[in-house]
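Before any comments, here is the structure.
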Amino acid sequence: MKISVIGMGYAGVVTAACLSELGHEVIGYDIDSQRINSLNSFNPQIFEPGLDKLIEKNCNLKRLTFQHIDDSDLNLGEISIITVGTPSDPNGSPNLEYIWKSVEWTTKHLKDNAVLLMRSTVQPGTGDLIESKFCEHQSINYISCPEFLREGEAVKDFFTPDRIIIGGNNSKAVEKVVQMHSGIDSPIIKTKIITAEMIKFASNAFLATKISFINEMAAFCEAWSADVDDVKDGLGLDHRIGKSFLNAGVGFGGSCVPKETRAFTSLASNYGFKSHLLSSVLEVNENQSQIPVRIIQKIFPDMNNVRVGILGMSFKPNTDDIRESPSIKIAQTLSSLGCQVSCFDPISNQKSAEKLGTSVKFETSINNLSQNKNVILLMTPWDSILNTDWEHIYDSMSEPKILFDGRNSLNPETIKNIGFNYVGVGRGISSSDLDSIII
Ligand SMILES: NC(=O)c1ccc[n+]([C@@H]2O[C@H](COP(=O)([O-])OP(=O)(O)OC[C@H]3O[C@@H](n4cnc5c(N)ncnc54)[C@H](O)[C@@H]3O)[C@@H](O)[C@H]2O)c1
């Protein structure tokens, strides 16, 4: 099949490369010519395991090409997939500016009976609006087929998704999209456009709820000196609950889960009700991201010049995405409170430095980062961070040598035996335990 993908960001490049791997002839379009040039040199400009190799292989096989949208030689094929960004407005409501522009451009160039497939995450109701405004009079068939990839595992997720959701009114177009996925073994749910959109939003809101739920349990664990990790195991072994997304920590980030949860709360007010549950989910998450700040504040009543090292800047390991990463927020808050903040990430140092400016320092290795630090915040559990030589880190730090494990990913006993003052999230170390190390 000839397919075009519009928007070569995280979701778009993965979609384009993986569809070409399935044997389709794919052209990826973007408005950013630098990005297109870089893709044509097999550099996706994003860190996603396996992606660069897939791009190189399929470009060499001439099944994958990249073009700027202003190129004159356009061929959008039988299916055109929209993967442009859908950021939040400051009030939390979704900003569909890129969607409208890309849909207008795409429908202008699509041939009759082609499929316009929405892979970007748009609020329920958007597809029906696009269909009536841009598609019906041009005999273009609109399909909603939301993206569920997890950054860091996006290529794997494309080929082994938990489900494929196809929302559409035209059965031939729905079948064409089923055909586009042939080679992928996964349950397919065919539904109405608005329901497909709702499934995507509801999935992210549910994941956010699970995380905030376990984080609230972690606060109880802290108060009662219980261990949230054992609580997680005890809960997660119940099949009705499941273990995934039950890790206590500094809260969720990234480009999707916070944005779509916020969108629900802001859209609810348009319909005259309040989303009490999701508002609380967001409140818990906001509070969670400030835990390290509260700990440092408690230990150092005067935070001026406390030396803090932040390990991990991306919102999770195996991606360079720093959008809504708790590390970024914490670096900003601590430096505004007078701490000397240094950061290290195996992949996203440069992106983070661009975002944070000169208020924080960036180091090129974990060992450099730890030199003379009073506090280390482990925020993103990259393997290379977890497997570092913690004894060496301990030796290079200054008192009181606090190690805050923001994702509960280290063994507390091992770390405490080295000598660190270890603090996790809901691991039975109550705030009164910190009293002994107040400076
Ligand atoms: N990143 C993820 O993990 C993920 C997962 C699931 C769903 N999604 C959804 O996918 C969509 C894209 O997300 P992303 O993270 O890839 O965004 P992104 O910001 O990384 O990429 C968007 C790309 O679209 C391009 N673009 C903007 N307007 C354009 C236009 N008119 N024509 C052509 N290109 C245009 C931009 O230049 C950019 O390269 C969003 O709706 C997001 O919610 C993302």
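In whole Å, what is the distance between the alpha-carbon centres of the stretch 268-323 and the stretch 359-399?
20
Per residue, how big is the convex hull around the C-alpha atoms of the chain? Give it to me in cubic angstrom, could you?
148
Between SER365 and PHE206, what is the label-point separation in nm under the 7 Å Cα-to-beta-carbon projection?
Between PHE206 and SER365, the label points sit 4.6 nm apart.
Please list, ordered by chain and number, the residues whose modelled amide H lies under 5 Å from the amide H of ILE81; skip anything fewer than 5 residues away on the same chain.
SER4, VAL5, ILE6, LEU117
What nm distance separates the two modelled labels at LYS2 and ALA223, each placed 7 Å from Cα along Cα→Cβ?
6.4
Label SER182 and ILE437 with points 7 Å out from Cα along Cα→Cβ: what is the distance between them in nm?
6.1
Taking 30 Å as R0, compute the FRET efficiency from the Cβ-Cβ separation of ASN270 and ARG294 and round it to 0.05.
0.30
Along the positive direction of the dipole of the chain (beta-carbon charges: Lys, Arg +1; Asp, Glu -1; about the Cα centre), which of THR388, GLY406, ASN287 reaches farthest?
Going by the Cα projections, it comes out as ASN287.
Are there any trypsin sites (Lys or Arg not before Pro) in the stretch 259-301 that are in a DSSP loop and have at most 13 other Cβ atoms within 10 Å? List them by number.
Sparse-neighbourhood loop trypsin sites (Lys or Arg not before Pro): LYS274.
Just need the relative contact order of the stretch 1-138 here, percent rounded to a whole number, with Cα pairs under 8 Å and 6+ apart. Intermediate values should be presented prior to the final figure.
On the way: 227 pairs, mean separation 34.7, N = 138.
Computed value for the stretch 1-138: 25 percent relative contact order.
Determine the relative contact order of the chain: mean sequence separation of Cα pairs under 8 Å and six or more apart, normalised by residue count, in whole percent. Walk me through the intermediate numbers first.
Numbers: 876 pairs, mean separation 53.4, N = 439.
Computed value for the chain: 12 percent relative contact order.
Largest first, please: the extent of the C-alpha atoms of the stretch 290-437 along each principal axis, to the nearest Å.
Result for the stretch 290-437: principal-axis Cα extents of 38, 32, 27 Å.
So what's the projected area for the stretch 200-286, the Cα convex hull averaged over all directions, in nm²?
Averaged projected hull area, Cα only: 6.1 nm².
What angle do you read, to the nearest 10 degrees and between 0 and 90, between the alpha-carbon axis of helix 257-270 and the longest principal axis of the chain?
70
Hand me the GluC sites (Glu not before Pro) from the stretch 304-388 located in a DSSP loop with no more than 10 other Cβ atoms within 10 Å, in residue order please.
none
For each pair in LYS192/LYS232; LYS192/LYS259; LYS62/LYS176; LYS243/LYS373, compute the distance between the two Cα atoms and list the pairs where it is over 27 Å.
Distance filter (> 27 Å) returns LYS192/LYS232; LYS243/LYS373.
Grab the Cα-Cα distance for ILE241 and GLU391, subtract it from 0.36 nm times how many residues apart they are, and report the gain in nm with one decimal. Don't skip to the answer; put the middle values down first.
On the way: separation 150, 0.36 × 150 = 54.00 nm, distance 3.77 nm.
Once the chain is fully extended between ILE241 and GLU391, it gains 50.2 nm.
What is the distance in Å between the Cα centres of the stretch 168-234 and the stretch 12-29?
24
Bear in mind that the values in this text are calculations on the coordinates, not laboratory data. Because the structure is a prediction, the values reported are computed rather than measured. So basically every Cβ, Gly included, is an ideal-geometry build from the backbone, and we count neighbours across all protein chains shown.
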